[in-house]
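Shown next, in structure tokens, is the structure this report addresses.
The values are calculated or read from the model by the stated rules, or taken from the named source; none is laboratory data. Since we're looking at a predicted model, the values are computed, not measured. Cβ coordinates were reconstructed from backbone atoms using ideal geometry, including for glycine residues, and neighbour counts include every protein chain displayed.
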Number of protein chains: 2
Amino acid sequence: MRQKKYILPESEIPTHYFNIQAVMPNKPLPFLNPATREPLKPEDLYPVFVEECARQELNQTDEWIPIPEPVREQYAAYRCTPLVRAYELEEALGTPAHIYFKNESVSPAGSHKLNSALAQAYYAKKEGITNITTETGAGQWGGALSYAAKKFGLDCAVYMVKVSYNQKPYRRSIMQTFGAAITPSPSMSTRAGKDILTKNPNDQGSLGCAISEAMELALTTPNCKYTLGSVLNHVCMHQTVIGLEAEKQMALAGEYPDIVIGCFGGGSNFSGIAFPFLRHNIQDGKKTRFIAAEPASCPKLTRGKFEYDFADEAGMTPLLPMFTLGHTFKPATIHAGGLRYHGAGVILSQLMKDGYMEAIDLQQTETFKAGILFAQTEGIIPAPESCHAIAATIREAQRCKETGEQKTILFNLSGHGFVDMSAYDQYISGELQDYKLTDAELAKFMESADKLNA
Amino acid sequence: MRQKKYILPESEIPTHYFNIQAVMPNKPLPFLNPATREPLKPEDLYPVFVEECARQELNQTDEWIPIPEPVREQYAAYRCTPLVRAYELEEALGTPAHIYFKNESVSPAGSHKLNSALAQAYYAKKEGITNITTETGAGQWGGALSYAAKKFGLDCAVYMVKVSYNQKPYRRSIMQTFGAAITPSPSMSTRAGKDILTKNPNDQGSLGCAISEAMELALTTPNCKYTLGSVLNHVCMHQTVIGLEAEKQMALAGEYPDIVIGCFGGGSNFSGIAFPFLRHNIQDGKKTRFIAAEPASCPKLTRGKFEYDFADEAGMTPLLPMFTLGHTFKPATIHAGGLRYHGAGVILSQLMKDGYMEAIDLQQTETFKAGILFAQTEGIIPAPESCHAIAATIREAQRCKETGEQKTILFNLSGHGFVDMSAYDQYISGELQDYKLTDAELAKFMESADKLNA
């Protein structure tokens with residue numbers, strides 16, 4: 001019988017996170033204080049962030065950061081996650097390509113997000129924090145943080161982008177089941193939310209706005225810190241457990257990937273699968289291609305600009321050097337809520353600029369078509385976000401069919417879609433719309449970033 | 001680091017199903033033709049059932065039935081499933097008991113049901129069948145059969161109990177994503193459905209009625225066979241892969257269960273976890289207790305009678321010797337749709353009668369409370385059905401706390417609850433009601449069975 005899954009024992013759960021900053025030929029540019037334009041030091045981030053996370057964020061020297069044992073112990077509930085050979089998807093496509101996927105959907109919260117949530121909650125607890133807060137788009141990150149907070153005995157408050165709050169009631173219930181308090185954003189509970197609702201009472205929210213609200217709560221609540229589920233360097237680093245495991249598992253399969261693919265919102269799951277392999281491009285002359293799959297409605301890597309910009313809508317964060325669509329960007333209400341963010345992580349933006357990775361943009365109907373083929377062949381109904389990675393994988397596999405090349409493709413299945421079935425329903429009934437950001441919209445949103453770089 | 005999960009490689013996927021009929025001290029009584037009261041032979045079941053399944057159904061001699069390689073190959077998408085030590089549930093309860101669970105929620109359809117669906121679809125395909133049909137309550141079995149049918153190239157039509165069709169739209173979408181056609185039952189598409197709707201246009205359906213409709217479709221459609229997801233002997237036998245794996249995994253953990261627990265609808269997941277261990281009670285003098293956890297609203301084992309009864313509402317099936325509440329039983333609309341069936345499987349009924357197993361009944365609020373504690377400690381949101389097994393486990397663990405006994409408890413986590421979040425929502429908001437079958441209701445429903453045994 002052919003081997004379908006490559007499994008590692010719990011003893012192989014990584015002991016260290018891989019900090020790609022330490023090996024990047026061009027280090028990321030500094031975060032800037034928006035008022036003084038001075039580069040930030042870790043201490044400048046302490047008021048908002050857990051201190052250990054702030055130090056990791058700006059650590060450009062240590063290649064390996066030890067994973068605390070209590071975090072590894074929590075990882076053991078679901079890690080090591082399986083690496084799976086997608087034989088039946090290959091057969092359905094008639095491709096000579098070998099397709100593998102790393103199945104992060106098996107985590108308690110249903111996605112890779114828990115890899116960082118557990119680390120952040122642990123560090124918070126260790127520093128004597130009692131409350132953590134965050135934003136969530138699709139609800140994947142919020143669900144993960146809710147669970148992680150419960151595991152380490154913290155109270156958790158989540159601002160959930162309003163369109164997702166209404167589109168995805170099951171995700172809200174998941175967070176509540178794990179014991180968190182959920183507020184739809186924009187809300188009247190913060191000044192940032194009030195300002196937005198005053199301008200537009202029907203505002204459906206954005207990740208940028210929800211970030212502003214959560215940050216404001218952290219700054220105005222004693223013993224409360226803010227946590228983020230993507231974009232930031234320490235979050236991307238926590239996700240490298242994905243690729244570190246995958247590297248060992250690919251070796252068990254006797255293969256090494258020619259192409260590595262992840263969907264792309266702020267960059268966390270992409271970083272997780274890509275960085276451990278990318279280090280071999282940097283250090284060992286490997287030639288793997290890294291492809292980020294983003295929605296056509298939110299094309300920060302394919303059509304955004306590399307500029308300093310705020311990470312949130314209200315402009316409360318430091319200025320980050322990143323590919324951005326402008327921090328006032330309002331995304332179309334596609335179902336891949338986790339990909340509706342205006343900027344790319346700082347590390348990823350630098351790697352993109354330096355040609356270490358590429359990006360493509362996809363319409364959502366193509367991604368759901370890919371997701372259904374994947375469900376019917378490999379048996380896992382993917383999250384709408386993950387459908388982008390699958391659609392990009394299928395494009396590459398079809399290219400192999402045309403050229404006859406037997407490439408090895410690895411993608412990250414970032415999460416399952418069991419709580420996104422209404423989106424599948426819409427696709428199946430032919431009601432799902434495509435959205436593409438127009439040039440005029442792009443120019444308008446970019447003004448908010450361009451002004452900061454003038 | 002303590003070991004959390006016990007994992008077996010794909011090579012350890014069982015090669016044979018365990019047929020407990022061959023080793024039972026008292027064999028199950030025969031199925032009867034309702035008109036002639038003659039015992040049935042396998043051939044009598046061929047018009048409705050896949051022939052191999054009909055032969056397995058009445059096979060009381062072969063202890064081990066080989067699992068076809070194409071079925072094992074499909075099992076490899078998710079098997080062997082993990083056995084997990086519930087350390088954090090133990091700690092939350094402060095119990096000296098060792099609690100283990102077999103995690104069947106990792107299957108593509110989200111529950112153990114796929115174990116039999118793949119076997120039945122494979123046998124159907126091998127016999128040249130092109131269409132299969134079935135009923136589904138909670139949607140777990142329907143989802144599993146939809147996926148299995150797709151894997152073996154069969155068309156699949158599912159009658160879904162109307163209350164679940166409306167309560168669980170996500171389950172419907174899952175079946176459609178896997179490519180099946182879904183009809184809410186009772187429907188006007190069959191004579192059985194029409195009869196019920198004529199009497200009561202607002203009938204919310206029952207498994208018994210949906211079975212009648214699916215059987216009618218099979219009997220009136222060329223090259224179409226009926227499949228069942230529980231109750232029948234061959235279905236329970238297919239599920240023994242669960243316990244066979246668990247036996248090896250418990251050995252890896254260096255333990256043997258004092259108590260084995262499963263939730264109970266028709267008996268399939270209970271059989272799966274119990275039979276392989278129960279054989280050692282029969283053959284090797286082990287003293288493991290086997291506890292079936294059923295809802296107080298549908299207490300066939302705790303309050304039903306052992307009688308001959310129909311397996312469906314309209315009386316189209318053979319007469320089966322089983323613990324029953326009467327085939328006209330109308331269940332309360334509890335969320336554990338998969339447990340709302342009026343009868344217990346024939347093998348299970350005989351084992352119950354002979355004292356090899358016990359049963360308890362539970363109110364649904366107790367089960368959801370248990371499910372939330374499990375989610376917050378072990379990270380998996382359980383299906384409402386599985387919450388019954390968890391609640392029963394917690395009762396036993398608390399008993400150990402009182403007595404100080406360090407018993408080893410194993411339960412089957414039959415499925416996850418990601419598509420049942422509206423039920424959790426109701427529980428969290430305090431809106432969930434308890435239901436207990438009254439003596440008067442029981443007496444009324446039992447008349448339909450009593451008449452057949454007069």
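The condition (being more than 22 Å from B:Tyr170 (Cβ to Cβ) and in a helix (DSSP H, G or I)) is satisfied by just one residue among A:Glu402, A:Glu385: A:Glu402. With the requirement that a residue be outside any helix (DSSP H, G or I), at pLDDT 90 or above and within 23 Å of the chain's Cα centre (by Cα), what does the stretch A:205-226 give you? Correct list: A:Lys225, A:Tyr226. Anything in the stretch B:366-385 that is touching a strand residue (DSSP E or B) at 6+ places or on another chain (Cβ under 6 Å) and away from chain A (no Cβ under 14 Å)? List them, or say none. Hit for the stretch B:366-385 is B:Glu385, nothing else. Residues in the stretch A:431-443: is at least one touching a helix residue (DSSP H, G or I) at 6+ places or on another chain (Cβ under 7 Å) and within 14 Å of chain B (Cβ to nearest Cβ)? Yes, some residue in the stretch A:431-443 is touching a helix residue (DSSP H, G or I) at 6+ places or on another chain (Cβ under 7 Å) and within 14 Å of chain B (Cβ to nearest Cβ).
So which residues in the stretch B:2-39 are more than 27 Å from B:Tyr308 (Cβ to Cβ), of a type in the set (Ser, Thr, Tyr) and surrounded by 19 or more Cβ atoms within 10 Å (Cβ to Cβ)? Of everything in the stretch B:2-39, just one residue is more than 27 Å from B:Tyr308 (Cβ to Cβ), of a type in the set (Ser, Thr, Tyr) and surrounded by 19 or more Cβ atoms within 10 Å (Cβ to Cβ), namely B:Tyr6. If you filter the stretch B:398-424 down to residues that are of a type in the set (Ser, Thr, Tyr) and within 23 Å of the chain's Cα centre (by Cα), you find that the one that is nearest to the other protein chains (Cβ to nearest Cβ) is B:Tyr424.
Against the numbered list (1) away from chain A (no Cβ under 14 Å); (2) in contact with a Gly (Cβ under 7 Å, 6 or more places away or on another chain), B:Lys225 comes up short only at (2).
With (1) closer than 19 Å to A:Gly417 by Cβ; (2) within 14 Å of chain B (Cβ to nearest Cβ); (3) surrounded by 19 or more Cβ atoms within 10 Å (Cβ to Cβ); (4) at pLDDT 95 or above as the list, and A:Ala92 as the residue in question, which single condition is left unmet? Condition not satisfied by A:Ala92: (3). Looking across the stretch B:248-266, just one residue is part of a helix (DSSP H, G or I) and crowded, with 22+ Cβ neighbours inside 10 Å, and that is B:Gln249.
For B:Ile390, the conditions (1) hydrophobic (A, V, I, L, M, F, W, C); (2) within 14 Å of chain A (Cβ to nearest Cβ); (3) surrounded by fewer than 24 Cβ atoms within 10 Å (Cβ to Cβ) all hold with the exception of (3). Selection of the stretch A:414-433 for residues being among the acidic types (Asp, Glu) and loosely packed, with under 15 Cβ neighbours inside 10 Å yields only A:Glu431.
Taking the conditions (1) within 20 Å of the chain's Cα centre (by Cα); (2) surrounded by fewer than 19 Cβ atoms within 10 Å (Cβ to Cβ) in turn, B:Asn269 satisfies each one other than (2).
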